[in-house]
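The values are calculated or read from the model by the stated rules, or taken from the named source; none is laboratory data. Remember, predicted model here, so these are calculated numbers, not experimental data. So basically every Cβ, Gly included, is an ideal-geometry build from the backbone, and we count neighbours across all protein chains shown.
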Amino acid sequence: MAKPKRRYVCQACGSISHRWQGQCPDCAEWNTLMEEAPATVFSAKHDLSGGGRAIDFVALDAPTPLPVRRKTGLPEFDRALGGGLVPGSAVLMGGDPGIGKSTLLLQTAASIARGGGNVVYISGEEAAGQVRLRAERLGLADASIKLASATSVRDILTTLGSMESPDLLVIDSIQTMHSDQIEGAPGTVSQVRGCALELIRYAKSSDCALVLVGHVTKDGNIAGPRVMEHMVDVVMSFEGERSHQYRVLRALKNRFGAVDEIGVFAMEGQGLAEVSNPSSLFLSGRDEPLAGSAVFPALEGTRPVLVEIQALIVRLQSGATPRRAVVGWDNGRLAMLLAVLEARCGLNFSSAEVYLNVAGGYRLTDPAADLAVAAALVSALSDRALPRRSVWFGEVSLAGEIRPVAHANLRLRESAKLGFDSAAGPTNGAGKEGKGDFPDYRPMSSLLNLVDRVVGSS
Ligand code: TYD
Ligand code: MG
């Protein structure tokens, strides 16, 4: 019999190699390769072509009832989830420490419990007393939540197995859980993966919605194995700057709905308050135009949100390497835009430090932000303010063209509602309606038009 080949499986990304290495060649994590039982021994013992049970095939159009979603009672949370929690599904909630994950889930748990749902809240991070104190401060102490502080998955599943299965199970957080069937301290890759697997199996078999809180590493990924993201049905990220009041709840993956809707909350003394009309939240409210500031009508799912983009350019006298720092936007995208402005418009940023900031702690993901960022940069470089009450949107290509973006009309309509009367965007972006409705729409075909408009305007 052929010698069984050794298999080493990366505990972080699941990739397989046939020799041990210190670093996984796929995800570049260190010390994650572990030997697993060779496949050939199994296949030698079991002839896989006979003796199994026949499985049934079904047609794609076979009638399947749509999952009945359970409303959380927090419309913003429901919106980000795509309509509510699906029974038997697993949701992973990631976010920086102190951003408000526990607060949000306690409020959700209380709201479902008040609506007659059976809710279990397991905290592995805080003692039950601490959670109770928070509930009292939030005015939620009367909700009938089954609260416990525990970290052993075996204890948790034994307890849940001996009672009526809950409608919602919250585990805060998965990094504090441990299973005695797996080696390693809580928070290690194998523990996190194993515990998540057991809890998800319970959720699927008992039709209870499971929410796992997950920590986030310094670079913003959910700590622990990437495979955890594959195991759950929904991955949500709770974002914002801790020093700012506003928080955005975003779905990064959703097996039951779209991932482009966001929920917006404000952290107040009484916990998280919902913000149902966020379109003007991230504007500074200043009326005087300033050089380096541009307003961008962003679109989150179906909701427009107007955000202010600020750029600062500092010329360096010495030959030191200039810094580029970005808050709220993609670093690589800024480098690309600077390169396009240099190559296509002849602007010189090479000896200048460039700082870019999206106001209000907001994180931009909409590709249409390119033109607004370019407008802020050109305005900062030339030290000329952009026209009063103007908005900018459009995607910029490497050739310096302004490309059309989705829902230009929606962006313009919302901008008009908030008192903006001048807009610049792609040539065919606004369509007839948009242009007709909007008082002053300046179609732009390339970044050169932008430079003309900013530098050419007195
Ligand atoms: P928390 O939910 O504990 O964050 P996480 O679970 O994501 O680590 O939220 C902690 C922060 O929220 C804390 O720094 C204080 C703030 N906070 C308020 O401002 N108001 C409130 O009513 C509550 C409960 C918390
Ligand atoms: Mg917490």
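Quick notes
- Qualifying residue in region 72-84 (condition: aromatic (Phe, Trp, Tyr), over 27 Å from Thr158 (Cα atoms), outside any loop (DSSP other than H, G, I, E, B) and modelled with pLDDT of 90 or more): yes
- Taken over region 290-310, the criterion of being part of a strand (DSSP E or B) and among the hydrophobic types (A, V, I, L, M, F, W, C) is satisfied by Ala291, Ala294, Val295, Phe296, Ala298, Leu299, Val305, Leu306, Val307, Ile309.
- Number of the exception - Asp370 against (1) touching a Lys or Arg at 6+ places or on another chain (Cβ under 8 Å); (2) modelled with pLDDT under 95; (3) within 25 Å of Glu300 (Cα to Cα); (4) among the charged types (D, E, K, R): (2)
- Scanning region 136-151 for residues that are in a loop (DSSP other than H, G, I, E, B) and either of a type outside the set (Gly, Ala, Ser) or away from ligand 1 (no atom under 16 Å from the Cβ) (or both) yields a count of 6.
- Each residue in region 160-175 was checked for being in contact with a Pro (Cβ under 8 Å, 6 or more places away or on another chain) and within 17 Å of Glu229 (Cα to Cα), and 1 pass.
- The single condition from (1) in contact with a strand residue (DSSP E or B) (Cβ under 6 Å, 6 or more places away or on another chain); (2) more than 14 Å from ligand 2 (Cβ to nearest atom) that Ile171 fails is (2).
- For region 152-174, filtered to residues that are charged (D, E, K, R) and in a loop (DSSP other than H, G, I, E, B), the residue that is farthest from the chain's Cα centre (by Cα) is Glu164.
Residues are listed down the side, and each one gets a yes or a no for (1) crowded, with 20+ Cβ neighbours inside 10 Å; (2) more than 13 Å from Ala294 (Cβ to Cβ); (3) of a type in the set (Asp, Glu):
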site: Gly332; (1), (2), (3): no, yes, no
site: Val378; (1), (2), (3): yes, no, no
site: Val396; (1), (2), (3): yes, yes, no
site: Ala399; (1), (2), (3): no, yes, no
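- Count of region 68-97 residues which are more than 16 Å from ligand 2 (Cβ to nearest atom), within 16 Å of the chain's Cα centre (by Cα) and of a type in the set (Gly, Ala, Ser): 2
- Residues that are of a type in the set (Gly, Ala, Ser) and either surrounded by fewer than 16 Cβ atoms within 10 Å (Cβ to Cβ) or closer than 26 Å to Arg201 by Cβ (or both) within region 132-159 comprise Gly139, Ala141, Ser144, Ala148, Ser149, Ala150, Ser152, listed in sequence order.
- Tally of residues being of a type in the set (D, E, K, R) and within 26 Å of the chain's Cα centre (by Cα) across region 119-133: 2
- Selected residue (criterion: farthest from the chain's Cα centre (by Cα)) from residues of region 194-227 that are at pLDDT below 90, farther than 24 Å from Ala127 by Cα and not β-branched (Val, Ile, Thr): Pro225
- A single member of Val358, Val340, Val354, Val314 is crowded, with 19+ Cβ neighbours inside 10 Å and either without any contact (Cβ under 8 Å) to a residue 60 or more places away in the chain or touching a helix residue (DSSP H, G or I) at 6+ places or on another chain (Cβ under 6 Å) (or both), and it is Val354.
- The set of residues in region 98-135 being over 15 Å from Gly271 (Cα atoms), within 16 Å of ligand 2 (Cβ to nearest atom) and part of a loop (DSSP other than H, G, I, E, B) consists of Gly124, Glu125, Glu126, Ala127.
- Unmet criterion (only one of (1) of a type in the set (Phe, Trp, Tyr); (2) more than 37 Å from the chain's Cα centre (by Cα); (3) at pLDDT 85 or above) for Trp30: (2)
- Pairing each residue of region 157-180 that is within 16 Å of ligand 1 (Cβ to nearest atom) with any residue that is aromatic (Phe, Trp, Tyr), provided the two are 6+ apart or on different chains, yields C-beta distances under 6 Å for Val170/Tyr121.
- Restricting attention to region 92-131, the residues being surrounded by fewer than 16 Cβ atoms within 10 Å (Cβ to Cβ) and either within 10 Å of ligand 1 (Cβ to nearest atom) or basic (Lys, Arg) (or both) number 5.
- Residue match in region 177-186 (condition: crowded, with 22+ Cβ neighbours inside 10 Å, of a type outside the set (D, E, K, R) and part of a strand (DSSP E or B)): no
- Test: residue in region 54-70 that is surrounded by 11 or more Cβ atoms within 10 Å (Cβ to Cβ) and modelled with pLDDT of 85 or more: yes
- Qualifying position, being assigned to a strand (DSSP E or B), among the aromatic types (Phe, Trp, Tyr) and over 21 Å from Ala291 (Cβ atoms), among Tyr441, Tyr355: Tyr441
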